[in-house]
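*Asks:* Dumping the structure here so I can ask a few things about it.
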Amino acid sequence: MKGVATETQLFPLAPAPDAHEILDALSTGVLLLDGELRLLEANSAAESLLGVSSHHGRGRSLRDLLRAPEELWQVLRRAAANAESCAQREVTLHAVAAGEERVADVSVAPLDGARPAGRLLVELSDATQRQRISRETALLTQLGGSRLMIRQLAHEIKNPLGGLRGAAQLLERQLRDEAMREYTEVIISEADRLAALVDSMLGPGRAPRRESLNIHELCEHVYHLMRSEAHASVLIERDYDPSLPGMDLDRHLIIQAMLNLGRNALQAVGARGRILLRTRALTGQSIGSARHRLVASVQFEDDGPGVPAEIRDTLFYPLVTGRQDGTGLGLAVAQDLVIRHGGLIEFESVPGHTVFTVLLPIGNENGH
């Protein structure tokens, strides 16, 4: 009919997106490699992961752009040589240009059929968050086992300690020789020291007594205590995020938790080193299986030798320590105090760079 606009004329259809637009809309990184593992194309997510644009990375070997375990390169070479699809889960990737480390699930598919050394389509799905949640769940499970072990251990230790101390007091009253009394005083003193040690293992059993606080006030208190205990050649720096709002916290419990982490860093660097106390506001952060709109991050970073590999999986258990003179209680107690606030302590460590991170939900008073 003349003079009447059709629906197509009124609402013209948008042109269909091309393949590049579709790939750039994906949150998963997609790489196209040739048979020699040189980069041909990369979508936006892959460019972000590599820290270079597709234009600047084109023609360069993926080994020059990405540091990864040798197993991954073997998978890529096998896929290219045999024209077969392969996959590897939770691979740690370090982007050379970006200087960042990610954990990704890697899928590889040949594009040129059975022809050897053909092109490869590589998919990188970020698994960092999934791995982090799994690790946090393991930490929470550790805490449950730690609490049970501590209660049983405390019961087994405190009862004989009380009898030992009482017997030493009775003996002291019967002794007229002052020199002999020195021995009973040692027994009583050591019994009291062991009892205090057990009490520190148990930690405060009460629920947090929350009040509105500025987290930086607590950080400054811990900073000055650390400064007074540190060697003169140890540099302690601060990097605070002024956007952090006030929080409902138990002043004494959080100070104790942070002080335990600070002292741990001091012991790690020894007589010379650098420690950084950093705060940040994180949005949309998960703690265990719970997701929070806003989370405060308080980090203790040091350049010490790092956490020994043999104790990393059990670091927050009581009596686990990498030092000969350590009690193995500081981190276990700190974790317990933070979890009482609904938070968690995480850590990352390589030689020369260790970071312990306290995560505390903001606006959530449901502590443990």
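*Asks:* Taking 0.36 nm per intervening residue step and subtracting the Cα-Cα distance, what contour gain separates residue 67 from residue 231 on full extension? Please list the in-between numbers first.
*Replies:* On the way: separation 164, 0.36 × 164 = 59.04 nm, distance 3.69 nm.
Computed gain between residue 67 and residue 231 is 55.4 nm.
*Asks:* Take each of the peptides 34-42, 209-217, average the number of other beta-carbon atoms within 10 Å over its residues, and list them starting from the highest.
*Replies:* Details: 34-42: 17.9, 209-217: 14.0.
The peptides rank, most packed first, as 34-42, 209-217.
*Asks:* Still on this structure, please answer the following. Can you work out the Karplus-derived ³J(HN,Hα) for every residue in region 86-96? Use 6.51 cos²θ - 1.76 cosθ + 1.60 with θ = phi - 60°, whole Hz, and x for glycine or proline.
*Replies:* Couplings: 9, 8, 8, 9, 6, 9, 7, 10, 10, 6, 5 Hz.
*Asks:* Considering amide H positions built from the backbone, and no H for Pro or chain starts, which residues 5 or more places from residue 29, or on another chain, come under 5 Å of its amide H?
*Replies:* Here 124, 126 satisfy the definition.
*Asks:* Of the peptides 331-337, 235-241, how do they stack up when ordered by the mean number of other Cβ atoms within 10 Å, highest first?
*Replies:* Numbers: 331-337: 25.0, 235-241: 13.7.
Ranking the peptides 331-337, 235-241 by packing returns 331-337, 235-241.
Read-outs: derived from the displayed coordinates by stated rules, not from any lab. Here the structure is a predicted model, which is why all the values come from computation and not from measurement. Glycine also receives a Cβ, built like all others from the backbone with ideal geometry; neighbour counts cover every protein chain displayed.
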